[in-house]
Amino acid sequence: MNHAAPDEAAQRVLLHDIGGDGDIWVFGYGSLMWQPGFDYLERQPALLYGYHRSFCVYSEYYRGTQERPGLVLGLDRGGCCRGIAFRLARGAAHDILDYLWDREMVTAVYAPKVISLHLAGRRVMGRTFVAYRRHYQYAGRLPDAKIVAMIRQGVGKTGTNIAYLEATAAHLDTLGIADDPLHRLLDWVRAAG
C-alpha cells in the first residue's frame, strides 16, 4: 500500500479553491461536529450521500500508536452520513482550511474532497476529508471483534480510543443524529471490558 496520498499540492489547491461569491461550507462527521476548533457563521445538520461514517482508519497518533494502533472514524464509500455543516466567513476561510489540513492530514490517511451536502430545504457544496483507501492506515471493513479489540487497546496523543467512541456516541445523541451501529459498537466495547 502507498504511504502518501496523491499530490499534496493538488489536494491543497482543491481544498482552497473558494473562487466566486458562494458560501463556503465544511462537513464534520466525527469529533469536528462538537469540537470544530474554529469560528463559523452558521452550523446546520447535513446529509451527505455516497459516504458513510465508519471506524475504518488505523490511528497511530490521536487514539493509538504504531505499536498499538486504535481505530478512528473516516468517511468511507457507500451509503450516507448525517453530520454537521459549518458555514465559514470568506475572510477567514483559508486560515480555517489550513487549520483543518493540519488537523486531518497528520499522516495523510484522509483526502480532501468537495462534496454536495443536503441541508434543510437546500443543497450546498462543501469540503470534507474522506478515507484514502490506498493509504496503509486504511483499515477498511474489519470484523466486529477486531474493531472492538482495537478500540479497547487504543491510547494516543488525545486520549483513549474508548473515550473517543463514547464522546462520538454522546454528541451524536445531543445533536439528534441517530447512529444505531455506533451505539451497538459502544455496547460491545463496554461488554468486552
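Coordinate-derived values only; no laboratory data. Everything numeric in this text was worked out from a predicted model, so none of it was measured. Positions of Cβ are generated from backbone atoms using ideal geometry, with glycine treated the same way; all protein chains shown enter the neighbour counts.
Quick notes on this structure:
- Relative contact order computed over the range 6-161 (Cα-Cα under 8 Å; 6+ residues apart), in percent: 32
- Extension gain for residue 125-residue 34 works out to 30.7 nm (0.36 nm per residue, less the C-alpha to C-alpha distance).
- Positive-pole candidate from 186, 45, 15, dipole of the range 8-187, charges at beta carbon: 186
- Size of charge dipole - the chain - debye, nearest 20, with Cβ of Lys, Arg +1 and Asp, Glu -1, no other charges: 440
- When both the range 83-109 and the range 121-193 are represented by their alpha-carbon centers, they are found 20 Å apart.
- Paramagnetic label reach from residue 66 (point 7 Å along Cα→Cβ; backbone nitrogen cut-off under 14 Å): within the range 133-177, residues 136-137.
- In this simple spin-label approximation, residue 23 and residue 116 carry label points 7 Å from Cα along the Cα→Cβ vector, and these lie 1.7 nm apart.
- Sites residue 106 and residue 43 - FRET efficiency at Förster radius 25 Å, r taken between beta-carbons, to 0.05: 0.50
- Inter-label distance for residue 178 and residue 80, nm, one decimal - labels placed 7 Å from Cα along Cα-to-Cβ: 1.2
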